[in-house]
1. I need the full set of residues from region A:237-275 which are in contact with a Gly (Cβ under 9 Å, 6 or more places away or on another chain), crowded, with 16+ Cβ neighbours inside 10 Å, part of a strand (DSSP E or B) and away from every other protein chain (no Cβ under 13 Å), in order please.
2. Working carefully through the options B:Arg231, B:Arg269, find the one that is surrounded by 15 or more Cβ atoms within 10 Å (Cβ to Cβ) and either of a type in the set (Lys, Arg) or over 24 Å from B:Gln293 (Cα atoms) (or both).
3. Show me the strands (runs of 3 or more DSSP E) found entirely inside region B:453-571 where at least 2 residues are β-branched (Val, Ile, Thr) and out of contact with any Asp or Glu (no Cβ under 8 Å at 6 or more places or on another chain).
4. Let me spell it out: the conditions are (1) over 30 Å from B:Pro665 (Cα atoms); (2) open to solvent by 50 Å² or more (accessible area, probe 1.4 Å); (3) out of contact with any Phe, Trp or Tyr (no Cβ under 8 Å at 6 or more places or on another chain); (4) in a strand (DSSP E or B), and B:Tyr278 meets all of them except one. Which number is the exception?
5. Please verify whether A:Ser329 is hydroxyl-bearing (Ser, Thr, Tyr), in a strand (DSSP E or B) and within 14 Å of another protein chain (Cβ to nearest Cβ), treating the condition exactly as stated.
6. Between B:Asp466, B:Asp552, which is among the charged types (D, E, K, R), touching a residue at least 12 places away in the same chain (Cβ under 8 Å) and closer than 30 Å to A:Gly290 by Cα?
7. Answer yes or no: is there a residue in region A:50-57 that is over 14 Å from the mean Cα position of the chain (by Cα), at pLDDT 95 or above and either crowded, with 23+ Cβ neighbours inside 10 Å or more than 9 Å from chain B (Cβ to nearest Cβ) (or both).
8. Counting only residues that are more than 22 Å from A:Arg147 (Cα to Cα) and open to solvent by less than 10 Å² (accessible area, probe 1.4 Å), how many does region A:101-130 have?
Amino acid sequence: MKKTAVKSFVYVFLLSVLFGACKKVEDPQKNSSIISSSTFAQGVFITNEGPFGSGTGTVSFYDRKLNTVRADIFQEVNNRPLGNVVQSMEIIGDKAYIVVNNANKIEVVNASTFKSVGSIANLEYPRYILSDGKGKAYISQWSSPGRIAVVQLDNLKILKTIVVADGPERMLLFGDKLYVVNTGGFGSENKVSVINTLTDELEQNITTGDSPNSLVLDANHKIWILCGGKKVYAGAPSYELDTAASTAGSLLMLDAISGQIEKSLSFSSKVLFPSNLCLNKEKNQLFFNGGDGVYAMKISDAVLPQQSIVNKVFYSLAYDTVSTYLYGSDPLDYQGKGEVYRYNSYGMEIDHFQAGIIPGNFTFR
Amino acid sequence: MDLAYVCFFFLLISVLAKKIHGKVLPLAGSYFQYLFLTEKTDDSDMMRLQNILFFLLFILGSPFLFGQVKDSVYILPAAEIQAFRSGGFQTGVKTTHIDSVVLSDYHLSSLSVLLNQQSSVFVKSYGTSYAGTSFRGMSAAHTGIYWNDIPLGSPMLGLTDLSLLPVSAGDYIDIRHGGGSAAFGSGNAGGSIHIDSKPEFIKRNKLGIQQSIGSFGAYTGSLHSVNGNERWQSSSKMIFNKSENNFIFTDLFSDGYPKKRLSHAESSRASLIQDFYYRAKNNQTLSLHAWYQGGMRNIPATMSMSMSKASEEEQSMRASAEWKQLFATSGIQLMTAYSYNHLLYRDPTTGIFSDSYYHTTFSKAAYDYAFDERFQLHTGINLTYSSAYVNEYGMKRNQGLVSLYASIQYRIKSGKFKSTLALRRDYAELFTCPMTPFAGLEMVLYKSFGWYANAGRNFRIPTFNDLFWRPGGNPSLKPENGISSEAGFSIDNTKSHQAFTYEMHASGFYSSVQDWIIWLPAGGMVWSPQNMKSVMGRGLEYEGMLAFQRKDFRLHLSGSYAFTLSDNQNKTDLNYGRQLIYVPYENANASIRLEYKGYLFSLHESYTGGRYVSPDHSEILPAYQLLNMSAGKFFVFGNYLLRMGLDVNNLCNTSYQSVQWIPMPGRSYGFKIGIEFN
């Protein structure tokens, strides 16, 4: 009796396993929301780095008119994630180029629909992409040593790579010259590389302050280069910042035509680590963020600003020439979704909205 | 009464499941929907069938359907010195003892595979790399792992990689659920795993060779010999494994989700394990254990990255010597152990080259004394000294720890009631550790039916990385501290030697950890650890086993279920009140094993519930179910025993993620053959 009970249970078990064990994997749900050719025609793209480790970054879209945010638009349109550490995005013509750092690729999408149209693969820790306006683009890469990849935009083929210095970051084009700031990547560096875009050869490395991280071109054809300064940590037992060995940041003004550094302003604080230099619409006022807030400075000012205009620390800062607002990103705990704050040029908060995990850079359209 | 209790238990789970988390808890919720409610669910019929499979096993796993089986009163063995069971008296503590029969099926596997398939604990697996385990809503750093009493956790990271530990490193494995700092010290807030070897002291010469070949270039070979008599025993094991791990996975980051072959995931490893025991005439025992292991593995890229060139080489050595002397009513144990680990990590693309090592010496002196049949005392002192170096520490770092502990057990003569009080205090140079008391009790209520409860304080000291890593390391950290408690019912007749044996545990637990160490951004790009997190865990666990044996027929059914809530309790945190990441609300296992005339067949299914991967719950990993099958046959020719078997893992070729974006293998096969000579 007992035996039959056990047997029947075993049979039922085996049968249910055979019938029920393997279920079909359902196709991922296609998103039904409507994306038209005008959906992303005007607005602000926020590249969110994504969580540390192996997580994926995203792109959020902020519609200035509707005052709405659309999260993870690449996934929404293309039904797949972008990849690890979405660093930056650049719109060139009618296409947007999304730089995915750890995935060593650039995803190319239609800038208005965000539909994927291709990708540039086999890069080495790409950071930023910039077009020469003549069918080529330059990609800064944190390879070892740092290299700039030259890519043909119509077929997305890499034409050559140019060795610069460690940790090439943002780039700026002036005439036939490409200026690249080399932050040092995983170490320390103090050079701005100049590449001739006609020959795609390195022309020279200009020595700057430590860790140049951003650069802009003002109304007077002057290139402003913001150097963050070097961080050195002390040994046992404190491991705190060694202020004696660390260097303060500096702001340099370079004449774009002569290539000469005409002005060099040093910050007094060694813990400020200024970054994210940006420029207003008239190209006569500079903004940057430091360890204690956002600073503003006229290009005609002889000294560095002493007082911040916003007492909030941002991970990233950018100026939108369309809305004429400053955009600052706050990653909060760096693990969940972060926020984006908007300010006018005087540092008055307009509003704030939610972005993705670690909002890092802004692309305005 | 028993049946009513089980009904109540399931009702409780399903009500909780439905009420609290709705869709996150498809498993427990859907049993009742399917069986008792006519309400339509979104689940497909296939899903329902799978759920029935689980339900069936829970019913089978519970002994209640066989209520007619005559219960025998299980009486605890009479007073005897417990021969220094490590950690002292474990009264009122749920311990899963992995059956030697089950263990032999996993002889060539790693501990991560065994735990994943045979216990309710959650194994967080990074595919071919690291695997860690967490209990009761705590983290992997709150799980203690011991080999013959030697702590295996790295003092640098506070973690142990389960994928590196071969199951055959020990003769049996105990999984101790719940907080255990009073018994084992720092870092056991969730639970602990004990891999132990045990002498048999019988006259024998045994030699065994086992080999297995499998999918993705997997090969494992092992050689095992046991020699001994009533006085001494020597056991030697050699295990070698290597794998290409070039399995096919679905790439979720490319258009159309193409199938891709994993690259840069090769691994190889060799282990040599030697145990030696000598028993002198006057109740003295000498035990020596040594374990050398060396290997390498390439670390593949996650789906979210395009490539990886990272690799690591690891070498470790553990050795211990233990001397025990038993007298009529007392005993002395002296033990000293040494462990060494060297890890070389390199990543040519980022230029990261990390060369790290640690040494730990561990010494123990313990004394047991039985006052009478009722009262027993266990007391002792442990000395732990660790030193570690990695470039980021700037110099070699050291940490010494002195632990003093005592526990006393009281039990009534019939063995129907037992209780234990324990106290432990650890002393460290850099911080003050809390006093950790523990109290536990067990009571037989009716025949084999009883209840148990325990409560205690736990702590975890900061790791070397937490203290000394540059930049960010914080030397002013204090140890984490918390409490844990548990109460449950059990039915157990496994020691009754009947044809039917069954065991069932159902319990509820509560635990909390304050000053949980968490790395937080501290300005710029520097992260620094702080005693900022506070966590409360609570939940329900169920484990059931039913075995039937008659002549050459043996049936073994088992099932387990865990429901875990683990919330962030730090009110200043943005994610206050939210479930911790990578803690599934639900986890379940079911397995069946049949043996008949040398034929062996087993099926095992595991369910891992949905897990949040970001603390703000913006991202969730879906639940998954995995089915594994194994079939085999053994032949006996005189003194030879020949075993052959085929394993099919992930039979349904389920595409799943244990950790986000880490490729996991689909269906794989393994063929094993072994020969034993007695």
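The values are calculated or read from the model by the stated rules, or taken from the named source; none is laboratory data. All values reported here derive from a predicted model rather than from experimental measurement. Here Cβ is always computed from backbone atoms with ideal geometry, including for glycine, and neighbour counts include all displayed protein chains. Areas reflect the complete protein model, heavy atoms only, side chains present, ligands, DNA and RNA absent. Shrake-Rupley method; radii C 1.70, N 1.55, O 1.52, S 1.80 Å.
1. A:Ser250, A:Leu251, A:Leu252
2. Working: B:Arg231 fails: surrounded by 15 or more Cβ atoms within 10 Å (Cβ to Cβ).
Matching residue, one of B:Arg231, B:Arg269: B:Arg269.
3. Correct list: B:500-521.
4. Unmet condition: (3).
5. On the way: hydroxyl-bearing (Ser, Thr, Tyr): yes; in a strand (DSSP E or B): yes; within 14 Å of another protein chain (Cβ to nearest Cβ): yes.
Against the criterion (hydroxyl-bearing (Ser, Thr, Tyr), in a strand (DSSP E or B) and within 14 Å of another protein chain (Cβ to nearest Cβ)), A:Ser329 qualifies.
6. Numbers: B:Asp552 fails: closer than 30 Å to A:Gly290 by Cα.
From the options B:Asp466, B:Asp552, the qualifying one is B:Asp466.
7. No, every residue in region A:50-57 fails to be over 14 Å from the mean Cα position of the chain (by Cα), at pLDDT 95 or above and either crowded, with 23+ Cβ neighbours inside 10 Å or more than 9 Å from chain B (Cβ to nearest Cβ) (or both).
8. Looking only at region A:101-130, we keep the residues that are more than 22 Å from A:Arg147 (Cα to Cα), and these are A:109-118.
Still in the running and open to solvent by less than 10 Å² (accessible area, probe 1.4 Å): A:109, A:111, A:114.
Total meeting the criteria: 3.
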